[in-house]
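Participant: Once you've had a glance at the structure underneath, I'll fire off some questions.
The values are calculated or read from the model by the stated rules, or taken from the named source; none is laboratory data. Because the structure is predicted, anything quoted here is derived from the model rather than measured. Here Cβ is always computed from backbone atoms with ideal geometry, including for glycine, and neighbour counts include all displayed protein chains. Note: areas computed on protein heavy atoms with side chains; ligands, DNA, RNA excluded. Shrake-Rupley method; radii C 1.70, N 1.55, O 1.52, S 1.80 Å.
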Amino acid sequence: MINGRLIRTLVVKDVTLIFKNRFFAFITVFGLVAYVAIYFLLPRSLNDTLALGLYAPAVPDVLRERLSGDGLDLTLVDSDAALQAGVLAGDYPVGIALPADMLAQVQAGAKPQAQLYLTAELPPELKEAYTVLLEEIAFLVSGQVLTIEATETILGPDLAGRQIAPRDRMLPLLAVIVLLMETLALASLISSEIEGRTLQALLVTPMRVQDLFVSKGLVGVGLAFGQAMLILIITGGLSRAPVVLAAALLLGALLTTGIGFMLASVARDMMSVMAWGVVTLIVLIIPALMVLLPGLATTWIRLIPSYYLVDTVHRALNFGAGWGAVWQNLLVLLATAVAFFWLGMAALRRKFQ
Amino acid sequence: MAQAVIIAEELTYHYGDLTAVNQVSFSVAEGEILGFLGPNGAGKSTTVKMLTGQLQPKGGRAIVLGQDVARRAKRVQAEIGVCFEITNLYEQMSGADNLKLFARLFGVRDFDVDALLKRVGLDGRGQDRVETYSKGMKQRLMVARALVNRPRILFLDEPTEGLDPASAQAIRSVILEERARGATVFLTTHDMVEADKLSDRVAFIDRGEIVALDTPRKLKQQYGKRLLHAEVELPDGRLVLRQVVLDQVDTSQAMARLFSEERVITIHSEEATLEDIFIQITGRGLT
């Protein structure tokens, strides 16, 4: 039978001790401010326009009209030298110079040479995109039309015109970091109680081991969940699918609290909690990086328990996904959270003995 | 005879192949102070852990306040106070907050923290963080913490080890006050002088077994020899020592001879210490 008075006493004691630890008090308060600041400093919209400098002495008007559509920021220059200067000055990442006699060469059946200027910092995938663009321009200049007609069909949510802003891609990562940082505070507290033998003193009072686990669990889940929710509230993230998000974060807090118990069972002091915690943090944030950089997605990432938290938070936050879309994620998250919490308790119980 | 509140029946505990406590049996009466003496590693702390429900005995059983500790540890722990050998206080909390925390855990109503702090000589320092306390102050706070629930039995594990005389004396006074209140005290120590001063009975434990258990007086009578040391002056002016064994059949004749035949300069009696007796019984000292 759980004793409410004992639980309340232990929870108050634990929260007091966590905030008496200057490092974790600082991390908690500073973290909250820093994460919110990072969110608001990141761009609120995604600029997906390709900028291009073009030197083409014989550009037909029709080409200008065709190129000045959505998604391309075209700058026409008067000379090859001006084109290169614009690239170096960062006015546009790529410059294309077409020969003055390009049309004549094409008509004569020759292969005109076009020049592509780019900086070393240009990512390879963008370089590829500009090369394709050059080929497209070459077709337009030569008056030829592609013999393939392409039809676009958007699968899943159509993000045209409402791409996910970097700050919103960042939120799942912030949520995982917040959950784990608060858990590290709990792990450090438990570890110090084991090493300082204060738990030994608690265990010769009417308090039972299960009271201890319930109170530690409440502190761990409460702090982690509370701070993650606070960040979502401040950043406006709770405006879409708030109940799904709350459920995901609650299960995530349970999961990380279980991990915190495990860390406490292997660590000897705050430094070793931090050392183990950083390793754990790196593993747990990999799924969040997948949201930031979608190209990283691989199937093994689903083996990391935080994947189901991150994916749910991402889909609920950025696409407004409801229960129907994420219930499988939540089910797996619940199972792993319960399993980790139970394993954490077992590891700690062994350490107590 | 007062009722026994601690009964150990063939208590046994071993860590792997090492037998720490081997079939130990004894009882402690209500209101009694039992000194539990032995060198480091003799099995004192393991015995205390079994009596206080921190360890499950591998054999035998511990009955405390009429309850089998292994089965009803929490019921027993609600009525006892334990002061550990190693300081285990919440160092970042104040002394008063440490005591209040444990008072709440024990469900003590109307807890007077200031009175308890005053009892152990920590009045005026209650609001300071424990990490600022000296070793003696921390130990006094440990004793105070063991008293928050007005325990019927007080288990004290080396409560005065390494303390300054003032702190040690403060703790001894508290122990005697608790006995006067009617509490039973189980005092684990390897300080034989302290045990002799405080204990109604003492138990010697060595290599996990109790080798002697009785009042200090009876142990001294049984194992020790009372001696009389006399310093006498010889005719040539030299000083020599003479020794008379007391409580012997011919003691009075030996005394008479000493005073009639020699010039006695100084005289004093000496009785065996508990340490002498421990060495006599076990063949080794306490350290």
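Participant: Report the FRET efficiency, 1/(1 + (r/R0)^6), for A:VAL12 and B:ARG284, where r is their Cβ-Cβ distance and R0 is 51 Å, rounded to 0.05.
Facilitator: 0.55
Participant: I would also like to ask the following. Could you check the spin-label model distance between B:GLU270 and B:GLN221? Points 7 Å from the Cα along Cα→Cβ, value in nm.
Facilitator: The modelled label-to-label distance comes out at 2.4 nm.
Participant: Let me ask something else about it. About the Cα centre of segment B:225-270, how large is the charge dipole given +1 on each Lys and Arg Cβ and -1 on each Asp and Glu Cβ? Please answer in debye to the nearest 20.
Facilitator: With Lys and Arg at +1 and Asp and Glu at -1, about 80 debye.
Participant: Moving on. Calculate one ³J(HN,Hα) per residue across segment A:93-110 by plugging θ = phi - 60° into the Karplus curve 6.51 cos²θ - 1.76 cosθ + 1.60, and present them in order as whole Hz with x for glycine and proline.
Facilitator: The phi angles translate into x, 9, x, 10, 10, 9, x, 5, 9, 4, 5, 4, 4, 5, 5, 7, x, 7 Hz.
Participant: Placing +1 on the Cβ of each Lys and Arg and -1 on the Cβ of each Asp and Glu in the protein assembly as shown, which of A:LEU186, B:ALA180, B:VAL113 has its Cα farthest towards the positive end of the resulting dipole?
Facilitator: So the residue we want is B:ALA180.
Participant: Next question, about the same structure. Got the relative contact order for chain A handy, in percent, Cα pairs under 8 Å and 6 or more residues apart?
Facilitator: 19 percent
Participant: Once amide H atoms are built 1.01 Å from N in the peptide plane, which residues 5 or more positions from B:THR184, or in another chain, come under 5 Å H to H?
Facilitator: Result for B:THR184 returns B:GLY31, B:ILE153, B:LEU154.
Participant: Something else now. Please list 3J(HN,Hα) in residue order for segment B:195-204, calculated via the Karplus relation 6.51 cos²θ - 1.76 cosθ + 1.60 where θ = phi - 60°; whole Hz, with x for glycine and proline.
Facilitator: Running phi through 6.51 cos²θ - 1.76 cosθ + 1.60 with θ = phi - 60° gives 4, 5, 5, 9, 7, 6, 9, 10, 10, 9 Hz.
Participant: Also: About its Cα centre, what dipole magnitude does segment B:119-244 give when the only charges are +1 on Lys and Arg Cβ and -1 on Asp and Glu Cβ, stated in debye to the nearest 20?
Facilitator: My answer is approximately 440 debye.
Participant: Give the interface area between chains A and B as buried accessible surface, both sides summed, probe 1.4 Å, in Å² to the nearest 100.
Facilitator: Approximately 2000 Å², summed over both chains.
Participant: Tell me the relative contact order for segment B:4-220 as a rounded percent, counting alpha carbon contacts under 8 Å between residues six or more apart.
Facilitator: 29 percent
Participant: Still on this model: With a 1.4 Å probe and all protein chains kept in place, how do B:ILE33, B:ILE279 rank by accessible area, largest first?
Facilitator: Largest accessible area first, the list is B:ILE279, B:ILE33.
Participant: Share of antiparallel DSSP beta bridges in the protein assembly as shown, in percent to the nearest 5?
Facilitator: So the antiparallel bridges in the protein assembly as shown amount to around 60 percent.
Participant: Treating only the Cβ of Lys, Arg, Asp and Glu as charged (+1, +1, -1, -1), what charge dipole size does the protein assembly as shown show about its Cα centre? Round to the nearest 20 debye.
Facilitator: 2320 debye
Participant: With r as the distance between the Cβ atoms of B:GLU131 and A:ILE2 and R0 = 41 Å, compute the FRET efficiency 1/(1 + (r/R0)^6) and round to 0.05.
Facilitator: The computed FRET efficiency comes out at 0.80.
Participant: Let me ask something else about it. List the pair-distance distribution P(r) of the protein assembly as shown, using every Cα-Cα distance, as the percent of pairs falling in each 10 Å bin from 0 up to the bin containing the longest distance, rounded to whole percents.
Facilitator: Bin by bin from 0 Å, the calculated values are 3, 12, 16, 15, 12, 11, 8, 6, 6, 5, 3, 2, 1, 1, 0, 0.
Participant: Gaussian network model of chain B, Cα springs within a sub-10 Å range: biggest mean-square fluctuation belongs to which of B:THR188, B:THR266, B:THR47?
Facilitator: B:THR266
Participant: Hey, what number do you get for chain B at 222 nm if only DSSP H runs of n ≥ 4 count, each worth -39500 (n - 2.57), divided across all residues, to the nearest 500?
Facilitator: Helix-only estimate at 222 nm: -9500 deg cm²/dmol.
Participant: Give the span of chain A's Cα atoms along each principal axis, as three whole-Å numbers ordered largest to smallest.
Facilitator: Between the extreme Cα coordinates on each principal axis of chain A lie 98, 40, 32 Å.
Participant: Need one word for segment B:127-173: rounded, prolate or oblate. Basis is the Cα gyration tensor (sqrt eigenvalues a ≥ b ≥ c); a/c below 1.5 gives rounded, then a/b vs b/c decides.
Facilitator: Oblate is the answer for segment B:127-173, as a/c is 1.5 or above yet b/c matches or exceeds a/b.
Participant: Which whole-number percent gives the relative contact order of segment B:225-270, counting Cα pairs below 8 Å spaced six or more residues apart?
Facilitator: Computed value for segment B:225-270: 51 percent relative contact order.
Participant: If you filter segment B:182-287 for trypsin sites (Lys or Arg not before Pro), then keep DSSP loop positions with at most 12 other Cβ within 10 Å, what is left?
Facilitator: B:ARG238, B:ARG284
Participant: Please determine, in degrees from 0 to 90 and to the nearest 10, the orientation of helix A:22-41 with respect to the longest principal axis defined by the Cα atoms of chain A, where the helix direction is its Cα long axis.
Facilitator: The answer is roughly 30 degrees.
Participant: Right, something else. Compute the distance in nm between two label points, each set 7 Å from the Cα along the Cα-to-Cβ direction, one at B:ARG181 and one at A:ALA110.
Facilitator: With each label point 7 Å from Cα toward Cβ, the separation is 11.0 nm.
Participant: Give the calculated FRET efficiency between A:ALA81 and A:TRP300 to the nearest 0.05, with a Förster radius of 41 Å applied to their Cβ-Cβ distance.
Facilitator: Efficiency at R0 = 41 Å is approximately 0.20.
Participant: Given the options A:GLY260, A:GLN113, A:PRO123, identify the residue whose Cα lies farthest towards the positive end of the charge dipole of chain A (+1 on Cβ of Lys, Arg; -1 on Cβ of Asp, Glu).
Facilitator: The one lying farthest along the dipole's positive direction is A:GLY260.
Participant: Also: Taking beta carbons within 10 Å but only from partner chains, what does the mean come to for residues B:52-64?
Facilitator: Mean shielding by partner chains, rounded to a whole number: 1.
Participant: Right, something else. Which residue, B:ASN98, B:TYR133, B:ALA212, has the largest displacement toward the positive end of the dipole of segment B:4-220 when charges sit on each Cβ (Lys, Arg +1; Asp, Glu -1)?
Facilitator: Result: B:ASN98, furthest along the dipole toward the positive end.
Participant: Could you sort B:GLU158, B:GLU261 by accessible area so the largest value comes first, with the probe set to 1.4 Å?
Facilitator: Output order, biggest surface exposure first: B:GLU261, B:GLU158.
Participant: Under 10 Å, Cα contacts only: if you run a Gaussian network model on chain B, which one of B:VAL48, B:VAL148, B:VAL193 comes out with the highest mean-square fluctuation?
Facilitator: Maximum fluctuation in the GNM of chain B, among the listed residues, is at B:VAL193.
Participant: Still on this model: Can you compute the modelled spin-label distance between A:PHE23 and A:VAL132, with each label point 7 Å from Cα toward Cβ, in nm?
Facilitator: In this crude spin-label approximation the distance works out to 4.9 nm.
Participant: On to the next question. Would you work out if chain B is rounded, prolate or oblate? Take a ≥ b ≥ c from the square roots of the eigenvalues of the alpha-carbon gyration tensor; rounded if a/c is under 1.5, else prolate when a/b is larger than b/c, oblate otherwise.
Facilitator: In terms of gyration-tensor shape, prolate.
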